[in-house]
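The values are calculated or read from the model by the stated rules, or taken from the named source; none is laboratory data. Computed from a prediction, not measured in an experiment: that's the story for all the values here. For neighbour counting, all protein chains shown are included, and Cβ atoms are generated from backbone atoms with ideal geometry for every residue, glycine included.
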Amino acid sequence: MFLQLITAKPPMGHHVERAIEKGTFSETLDPAVPDWPVEEALCFAKLALQCAEMRQKDRPDLGKIVLPEINRLRKLGEDSMNGVTVGNGEVSSARQVSTIADLALHLK
């Protein structure tokens, strides 16, 4: 589900994983969003891939790892919308991060 939030495509972990390895990850992001914060999306995608591991013991802990990361992304988006710039200062990208984080929190 997390990968669908950033790609706008059906689950395709193997495609995302391959794109990360080849350095073409940004091409997998939802094209309807013109200014993705690629580094933040990449971190989120790597976490999403870990969440999709077959064995439970290989997946990250929801309370200790996943939720703190989602909350961090939401705060990043909120701070940017309130005039605190991050990274390259793209406020509209941060809004997307905040929206993704909010959606992810509602899925839990």
Determine whether region 12-22 contains at least one residue that is in a loop (DSSP other than H, G, I, E, B), surrounded by fewer than 17 Cβ atoms within 10 Å (Cβ to Cβ) and among the hydrophobic types (A, V, I, L, M, F, W, C). yes
Taking the residues in region 46-64 that are surrounded by 14 or more Cβ atoms within 10 Å (Cβ to Cβ) and among the aliphatic types (A, V, I, L, M) as candidates, determine which candidate is nearest to GLN4 (Cα to Cα). ALA48
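Among LYS64, LYS108, LYS9, which is the only one that is modelled with pLDDT of 95 or more and of a type in the set (D, E, K, R)? Step through it out loud before you land on a result.
On the way: LYS108 fails: modelled with pLDDT of 95 or more; LYS9 fails: modelled with pLDDT of 95 or more.
Within the list LYS64, LYS108, LYS9, the selection yields LYS64.
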Pairs with Cβ under 8 Å, 6+ apart, first in region 28-41 and in contact (Cβ under 8 Å) with a residue 40 or more places away in the chain and closer than 20 Å to HIS15 by Cβ, second of a type in the set (Asp, Glu) and buried (at least 16 other Cβ atoms within 10 Å of the Cβ): TRP36/ASP30
When the residues of region 31-43 are filtered to those that are touching a helix residue (DSSP H, G or I) at 6+ places or on another chain (Cβ under 6 Å) and modelled with pLDDT of 90 or more, which remaining residue is surrounded by the most Cβ atoms within 10 Å (Cβ to Cβ)? ALA41
What pairs come out if I take residues in region 43-61 that are more than 21 Å from ARG74 (Cα to Cα) and pair them with residues that are surrounded by fewer than 13 Cβ atoms within 10 Å (Cβ to Cβ) whose C-beta lies under 7 Å away, six or more apart or interchain? ARG59/GLU53
